[in-house]
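The values are calculated or read from the model by the stated rules, or taken from the named source; none is laboratory data. Fair warning: this is a prediction, and the values are worked out from it, not measured in the lab. Here Cβ is always computed from backbone atoms with ideal geometry, including for glycine, and neighbour counts include all displayed protein chains. Remember, those area values only see protein heavy atoms, side chains included, never the ligands or the DNA or RNA. Shrake-Rupley method; radii C 1.70, N 1.55, O 1.52, S 1.80 Å.
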Amino acid sequence: MALQIYINGKFYDKEDAKISVYDHGLLYGDGVFEGMRSYSGKVFRLREHLDRLYESARAICLEIPISKEEMEKATYATLQKNNLVDAYIRLVVTRGAGSLGLDPNKTSDPQVIIIADSISLYPAEFYENGLKIITASTIRNHPAALSPRIKSLNYLNNIMAKIEGLQAGCIEALMLNHKGEVAECTGDNIFIVKKGVLMTPPKDAGILEGITRNAILDLAKELGIVAFEQTMTRHDLFVADECFLTGSAAEVIPVVTIDGRPVGTGAVGVVTKRLLDAFKKLVHGK
Ligand code: PXG
């Protein structure tokens, strides 16, 4: 059977799952989304993802036509419909179809889309040997232009940074904020370890407050690793002992070089390895 996509309460074959070319999600990137994972049939931190989705929608004055409870049920229904247990799940809410023109009041019927698909993992080699990343010249959104805390369908600046990374042979790229401080990567949050202490940029550093990020901060507490939010510059990365990235897609992935410079010894760090193992245990329930 073809993959079944949820749109506004109904399921469609992947090939027939379509929305209007007049949808402002397409015309203007006017909408919000979430990317989540399920492990053994349970969506990891679903409540947190739903809270972030509804907050992103509220921030752009988009009223999601169904409740969080209905969205939760629809998410599980989509998994079940596709017989998926370990999956990648994308929730998308668009502004809906309207006339050509920015005015959201001229749209109707926001579209709620749920895609559950098998996960394409990064090669295992990256988890064992670590990633090489570069700093992109494209910065995160200026908070006065568009809050970087909104997970909107406008990802162009992150995509431009991703292209810079890919052109340099890296699958991730570091993004700074408008003050030149370290923010995050194009779809992942960043952590460093210095003298055994774990640090990550604060929520107001131009980041998306990652759910994996918050899970890692919780795990650090449980493991007795001192951890806090810290404003940092590239200097802090260059003199760090360890570095890793977190995200729903990547989970926890070590970084071993930044802008061609080795991080610490240039090998995957011990604190990183501990947290990576603890995260695996957490999501796989072992
Ligand atoms: N920063 C940005 C800009 C993101 O888009 C994260 C950090 C990590 O957040 P979570 O909550 O996932 O720990 C993200 C998340 C995709 C995809 O399909 C993107 C994300 C997550 C999952 C899939 O490109 N971005």
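This table checks each residue for (1) small (Gly, Ala, Ser); (2) in contact with a strand residue (DSSP E or B) (Cβ under 6 Å, 6 or more places away or on another chain); (3) open to solvent by 50 Å² or more (accessible area, probe 1.4 Å).
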site: 94; (1), (2), (3): no, yes, no
site: 98; (1), (2), (3): yes, yes, no
site: 108; (1), (2), (3): yes, no, yes
site: 113; (1), (2), (3): no, yes, no
site: 124; (1), (2), (3): yes, no, yes
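Listed by first and then second residue, the pairs linking a residue in region 157-174 that is closer than 10 Å to residue 134 by Cα to a residue that is in a helix (DSSP H, G or I) and hydrophobic (A, V, I, L, M, F, W, C), with Cβ atoms under 9 Å apart and 6 or more places separating them unless they lie on different chains, are 171/126; 173/161; 173/163; 173/166; 174/161; 174/237.
Scanning region 143-154 for residues that are within 17 Å of residue 206 (Cβ to Cβ) and touching a residue at least 60 places away in the same chain (Cβ under 8 Å) yields 143, 147, 148, 149, 150, 151, 152, 154. Apart from one condition, residue 172 fits all of (1) away from the ligand (no atom under 12 Å from the Cβ); (2) more than 30 Å from residue 67 (Cβ to Cβ); (3) acidic (Asp, Glu); the exception is (1).
With respect to the conditions (1) under 23 Å from residue 64 (Cβ atoms); (2) touching a strand residue (DSSP E or B) at 6+ places or on another chain (Cβ under 6 Å); (3) of a type outside the set (A, V, I, L, M, F, W, C), residue 130 lacks only one, and its number is (1). Do we have any residue at all in region 207-228 that's over 22 Å from residue 45 (Cβ atoms) and either within 20 Å of the chain's Cα centre (by Cα) or not in a loop (DSSP other than H, G, I, E, B) (or both)? Scanning region 207-228, I find no residue that is over 22 Å from residue 45 (Cβ atoms) and either within 20 Å of the chain's Cα centre (by Cα) or not in a loop (DSSP other than H, G, I, E, B) (or both), so the answer is no. Restricting attention to region 116-139, the residues that are over 30 Å from residue 261 (Cα atoms) and touching a helix residue (DSSP H, G or I) at 6+ places or on another chain (Cβ under 8 Å) add up to 1. Residue check: residue 120 meets all listed conditions (1) in contact (Cβ under 8 Å) with a residue 40 or more places away in the chain; (2) within 12 Å of the ligand (Cβ to nearest atom); (3) surrounded by fewer than 20 Cβ atoms within 10 Å (Cβ to Cβ); (4) not hydrophobic (A, V, I, L, M, F, W, C) but one, namely (1). Considering 12, 54, the condition of being away from the ligand (no atom under 14 Å from the Cβ), touching a helix residue (DSSP H, G or I) at 6+ places or on another chain (Cβ under 7 Å) and free of Cβ contacts under 8 Å to residues at least 60 places away in the same chain is satisfied by 54 alone.
With respect to (1) closer than 14 Å to residue 113 by Cα; (2) open to solvent by less than 30 Å² (accessible area, probe 1.4 Å), the lone exception for residue 38 is condition (1).
Hey, does region 217-240 have a residue that's free of Cβ contacts under 8 Å to residues at least 24 places away in the same chain, open to solvent by 10 Å² or more (accessible area, probe 1.4 Å), away from the ligand (no atom under 11 Å from the Cβ) and under 18 Å from residue 37 (Cβ atoms)? Among the residues of region 217-240, at least one is free of Cβ contacts under 8 Å to residues at least 24 places away in the same chain, open to solvent by 10 Å² or more (accessible area, probe 1.4 Å), away from the ligand (no atom under 11 Å from the Cβ) and under 18 Å from residue 37 (Cβ atoms), which makes the answer yes.
Residues satisfying the criterion are present in region 130-151 (criterion: over 21 Å from the mean Cα position of the chain (by Cα) and open to solvent by 30 Å² or more (accessible area, probe 1.4 Å)). Here is the figure for region 20-38: residues that are more than 14 Å from the ligand (Cβ to nearest atom) and part of a strand (DSSP E or B) total 2. Considering only region 86-108, I want to know if a residue exists there that is more than 21 Å from the chain's Cα centre (by Cα), among the polar types (S, T, N, Q) and on the phi > 0 side of the Ramachandran plot. Taking every residue of region 86-108 in turn, none turns out to be more than 21 Å from the chain's Cα centre (by Cα), among the polar types (S, T, N, Q) and on the phi > 0 side of the Ramachandran plot.
Residue under question is residue 281, and the condition is that it be open to solvent by 10 Å² or more (accessible area, probe 1.4 Å) and touching a strand residue (DSSP E or B) at 6+ places or on another chain (Cβ under 8 Å); does it hold? It is false that residue 281 is open to solvent by 10 Å² or more (accessible area, probe 1.4 Å) and touching a strand residue (DSSP E or B) at 6+ places or on another chain (Cβ under 8 Å).
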